[in-house]
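Structure first, then comments.
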Amino acid sequence: MSLFTSLLAVVLLAGTVAEAGSAKQNGTALRKSVVQVAANGAATATCGPLDAPENAQCKEVVEWAAGGGKWDTKAGSWYRNMPNIAGVKHDQATLADFQRLYYCAPPGKDKFCGLPPCTGCSEPPCTDCFAGHQLYASMRPGCDGNDRSIGCVPPKTAMGYKGQHWPTTVVHGAQEMHIFAIGDWGGMDGSLDTAQGRLNIVAYDWGKRPGPSVFPRSRWNKAHTVQLCDHKQLVECFNTRGQPPCIPECGYVPGVDDNPQILVAEAFKARAALKDPQYILNVGDNFYWGGIEKTCGEPMNKIAYPTKHQFDQIFEGVYQGAGLSHKPWFSVLGNHDWGGFKFGNAWDQQMSYTWASNRWVLPAPYYKTSVSYADLGFDVDYYFLDSNFVDAKPPEEDPNHNMCSRKNNKPSATCGAADGPTSVDSCPAWFAALWAEQKDWVTQLLPKSQATWQIAVTHFPCGHEQGFYKGLANMGLDLLVTGHRHDQELWFPDDYAKNHMGITCIVTGGGGGITSEATPDPDHTEDWYGEAQYGFYDLTISKSEIFIESINYDGEVMLTHTVYPSR
């Protein structure tokens, strides 16, 4: 049962409610809607009949599907998600089952149902999208039922745990200790049938498939003054697998650019089997192209259908194996997780998943934690920061790279239910305020740290806010771990031409969810910012040093550097 039930009064509309037929009869839904009355007094329907106004867009296609449509030769493909959502195959489905399908994961664009059925489905309750087995995030796996702390139960709202300490991880043993760092890894889930009128996450002809598909971005020269290949031209390369009309300037490399997340993941898994990392630092952009494809505001203790589908396809189904399964992923949000060019996608659901998982850790936009290496006599304090204010620009600016874009956000867009931005116009100030409070938070905490190491993790790359991070370095910060730029860059503290922070910084944005900044062709590196285009980092940590290795998508070590404690 939802933790939020006490805040909602569930009532039936006045009048006689017509009795619904069972799944074995005619599948007729209730003739009256069930509504919820929220704490603010607003009434919203939670389920209703097919002929409810909210279902006007889907009524005709649902009736057709439940009639002769389910016998069409293509029905197996169209309705492939029916067993997961309704608990029966499409040829056994009732009218209510099809309404449920078109509410949860509609097979056709703009044909979604605004309400699920109240009854008449094969596997009740009819209002969930998991065949009666709704996934809740009410208690993190492995927790004592009496423990109500941040590590066990979700907050009431997405911002409830801002700045709090995630329970300290204690690592035992005297073996060599490893940490993996990765970012911008979450490809497009082409097999998700999106609801709420959203576009399916497919960019090219063969992208509607299970598992991750890379998002094609534009490519520029190193100085970012000349666009060599725009998004549409790179999509042509994907459609033709590198054949004409794919232009050479796109630098498309078949076998690499078309499958980078899997290539990086295979190298990641192979090295994990050898090195046994104790945990992963994840710098964000976990799901392209716009995070979880649902609107923000779902209760924090409930996992929505797109959330589970995208996590299963892009995360759980990819990063498993010896040395990797069950290891914590300490995470932050990237700008694409907030929605990319809008702010209203379900960024809060990525936080909710923390309490439905035994390894995903993202309890708030910013938080801290510690890791104690008990048998080796040292520890680390981690500060996870949300730096996405950089892409929260005035609403009229840069619509393709602006979470606060007036062009891409609906006029009514709000994440007020999740304590996020309440409007397009207030959006830039909301993100600016979030960054300001984090700066104050970490500036107060860092000097008090007694740990051997102090490390900050954030999404936006080395080079942003250098004066701020220099100040943190003077307070004891030892290492900055970032992403966002889609490549691998190891910034040495004495590279004074670009690094003005006084500390080592890494950009690990080559996880493969999006195409790299430049061509991955090793014979054409003139536009490379760093040492590689796709890959991750392996950090070997001890009391006296952190040895950093930049690992290419093929497992090759590209560059190394050693960091020593600053105090």
*Can you tell me which residues in segment 250-280 are under 27 Å from Arg219 (Cβ atoms) and either in contact with a Lys or Arg (Cβ under 8 Å, 6 or more places away or on another chain) or outside any helix (DSSP H, G or I) (or both)?*
Cys250, Gly251, Tyr252, Val253, Pro254, Gly255, Val256, Asp257, Asp258, Asn259
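Going through segment 48-71 one residue at a time, which ones are more than 18 Å from Ala105 (Cβ to Cβ) and part of a loop (DSSP other than H, G, I, E, B)?
Just the residues of segment 48-71 that are more than 18 Å from Ala105 (Cβ to Cβ), to begin with: 48-49, 51-53, 56, 60, 63, 67-68, 71.
Selection gives Gly48, Pro49, Asp51, Ala52, Ala56, Gly67, Gly68.
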*Give the residue, chosen from Lys410, Lys448, Lys393, that is touching a residue at least 60 places away in the same chain (Cβ under 8 Å) and open to solvent by 20 Å² or more (accessible area, probe 1.4 Å).*
Lys410
*Show the residue pairs that are 6+ apart or on different chains and have beta-carbon atoms under 6 Å apart, the first residue being within segment 81-98 and under 11 Å from Glu123 (Cα atoms), the second being open to solvent by 10 Å² or more (accessible area, probe 1.4 Å) and among the acidic types (Asp, Glu).*
Gly87/Glu123
*Tell me which residues, restricted to segment 201-217, are surrounded by fewer than 21 Cβ atoms within 10 Å (Cβ to Cβ), farther than 19 Å from Tyr534 by Cβ and of a type outside the set (Phe, Trp, Tyr).*
Val202, Asp205, Lys208, Arg209, Pro210
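Can Gly334 be described as out of contact with any Cys (no Cβ under 6 Å at 6 or more places or on another chain) and surrounded by 20 or more Cβ atoms within 10 Å (Cβ to Cβ)? Full working, then the answer.
On the way: out of contact with any Cys (no Cβ under 6 Å at 6 or more places or on another chain): yes; surrounded by 20 or more Cβ atoms within 10 Å (Cβ to Cβ): yes.
The answer is yes for Gly334.
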*Would you mind telling me which numbered condition in (1) touching a Cys at 6+ places or on another chain (Cβ under 8 Å); (2) at pLDDT below 70; (3) closer than 19 Å to Phe112 by Cα Ala20 fails?*
(3)
*Can you name the condition, by its number, that Val380 falls short on among (1) under 27 Å from Asp478 (Cα atoms); (2) assigned to a helix (DSSP H, G or I); (3) among the β-branched types (Val, Ile, Thr)?*
(2)
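Just to be sure before I move on: is Ala158 assigned to a loop (DSSP other than H, G, I, E, B) and open to solvent by less than 40 Å² (accessible area, probe 1.4 Å) in the structure I sent? Give the derivation first.
Working: assigned to a loop (DSSP other than H, G, I, E, B): yes; open to solvent by less than 40 Å² (accessible area, probe 1.4 Å): yes.
Considered against the rule, which asks whether it is assigned to a loop (DSSP other than H, G, I, E, B) and open to solvent by less than 40 Å² (accessible area, probe 1.4 Å), Ala158 comes out as yes.
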_Could you check segment 91-134 and list, in sequence order, the residues that are farther than 20 Å from Ala56 by Cα, part of a helix (DSSP H, G or I) and either open to solvent by less than 40 Å² (accessible area, probe 1.4 Å) or of a type in the set (Asp, Glu) (or both)?_
Asp91
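Would you pick out the residues in segment 502-523 that are touching a helix residue (DSSP H, G or I) at 6+ places or on another chain (Cβ under 9 Å) and small (Gly, Ala, Ser)?
Initially, segment 502-523 is screened for residues touching a helix residue (DSSP H, G or I) at 6+ places or on another chain (Cβ under 9 Å), giving 502-503, 505, 510-516, 519-520.
If the condition is that a residue be touching a helix residue (DSSP H, G or I) at 6+ places or on another chain (Cβ under 9 Å) and small (Gly, Ala, Ser), then Gly502, Gly510, Gly511, Gly512, Gly513, Ser516 are the ones that fit.
Please go through segment 365-377 and pick out each residue that is part of a loop (DSSP other than H, G, I, E, B), at negative phi and either more than 24 Å from the chain's Cα centre (by Cα) or of a type in the set (Gly, Ala, Ser) (or both).
The first filter runs over segment 365-377 and keeps only residues part of a loop (DSSP other than H, G, I, E, B), leaving 365-366, 374-377.
Now narrow it down to the ones that are at negative phi: 365-366, 374-376.
Within segment 365-377, Ala374, Asp375, Leu376 meet the criteria.
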*How do the pairs read when you match residues in segment 424-445 that are more than 19 Å from Lys407 (Cβ to Cβ) with residues anywhere that are in a helix (DSSP H, G or I), using Cβ under 6 Å and keeping only pairs 6 or more apart or on different chains?*
Ala432/Phe389; Trp435/Phe389
*asked:* Consider segment 194-236. How many of its residues are farther than 20 Å from His336 by Cβ and among the aliphatic types (A, V, I, L, M)?
replied: 3
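Looking at Lys302, Lys327, which is the one that is open to solvent by 10 Å² or more (accessible area, probe 1.4 Å) and within 30 Å of Val424 (Cα to Cα)?
Result: Lys302 is the single residue among Lys302, Lys327 that is open to solvent by 10 Å² or more (accessible area, probe 1.4 Å) and within 30 Å of Val424 (Cα to Cα).
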*Pair list, Cβ < 7 Å and 6+ apart or interchain, from segment 233-252 residues that are polar (S, T, N, Q) to residues that are in a helix (DSSP H, G or I)*: Gln233/Cys250
*For segment 343-370, which residues satisfy the criterion of being among the basic types (Lys, Arg) and either farther than 17 Å from Leu434 by Cα or without any contact (Cβ under 8 Å) to a residue 12 or more places away in the chain (or both)?*
Arg359
*From (1) under 24 Å from Asn400 (Cβ atoms); (2) touching a Cys at 6+ places or on another chain (Cβ under 9 Å), pick out the condition that doesn't hold for Asp193.*
(1)
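Look through segment 161-182, keep the residues that are within 19 Å of the chain's Cα centre (by Cα) and among the aromatic types (Phe, Trp, Tyr), and return whichever of them is surrounded by the fewest Cβ atoms within 10 Å (Cβ to Cβ). Break it down into steps so the answer makes sense when it comes.
Of segment 161-182, the ones within 19 Å of the chain's Cα centre (by Cα) are 161-162, 180-182.
Right, trim to among the aromatic types (Phe, Trp, Tyr) and you get 161, 180.
Details: Tyr161: 20, Phe180: 25.
Out of the qualifying residues, it is Tyr161.
Does Ser352 qualify as being in contact with a strand residue (DSSP E or B) (Cβ under 8 Å, 6 or more places away or on another chain), outside any loop (DSSP other than H, G, I, E, B), closer than 30 Å to Ala174 by Cβ and not aliphatic (A, V, I, L, M)?
On the way: in contact with a strand residue (DSSP E or B) (Cβ under 8 Å, 6 or more places away or on another chain): yes; outside any loop (DSSP other than H, G, I, E, B): yes; closer than 30 Å to Ala174 by Cβ: no; not aliphatic (A, V, I, L, M): yes.
In short, no.
Quick check: is even one residue across segment 436-445 hydroxyl-bearing (Ser, Thr, Tyr) and open to solvent by less than 20 Å² (accessible area, probe 1.4 Å)? Working first, answer last.
Of segment 436-445, the ones hydroxyl-bearing (Ser, Thr, Tyr) are 443.
Next, from what is left, pick out any that are open to solvent by less than 20 Å² (accessible area, probe 1.4 Å): none.
No, segment 436-445 contains no residue that is hydroxyl-bearing (Ser, Thr, Tyr) and open to solvent by less than 20 Å² (accessible area, probe 1.4 Å).
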_Please determine whether any residue of segment 458-467 is crowded, with 20+ Cβ neighbours inside 10 Å, part of a strand (DSSP E or B) and in contact (Cβ under 8 Å) with a residue 60 or more places away in the chain._
no
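The values are calculated or read from the model by the stated rules, or taken from the named source; none is laboratory data. All figures in this text were calculated on a predicted structure; none of them were measured in a lab. Quick reminder, even Gly has a Cβ in these numbers, built from the backbone with ideal geometry, and neighbours come from all protein chains shown. Just the protein is used for accessible areas: all its heavy atoms, side chains included, with ligands, DNA and RNA removed. Shrake-Rupley method; radii C 1.70, N 1.55, O 1.52, S 1.80 Å.
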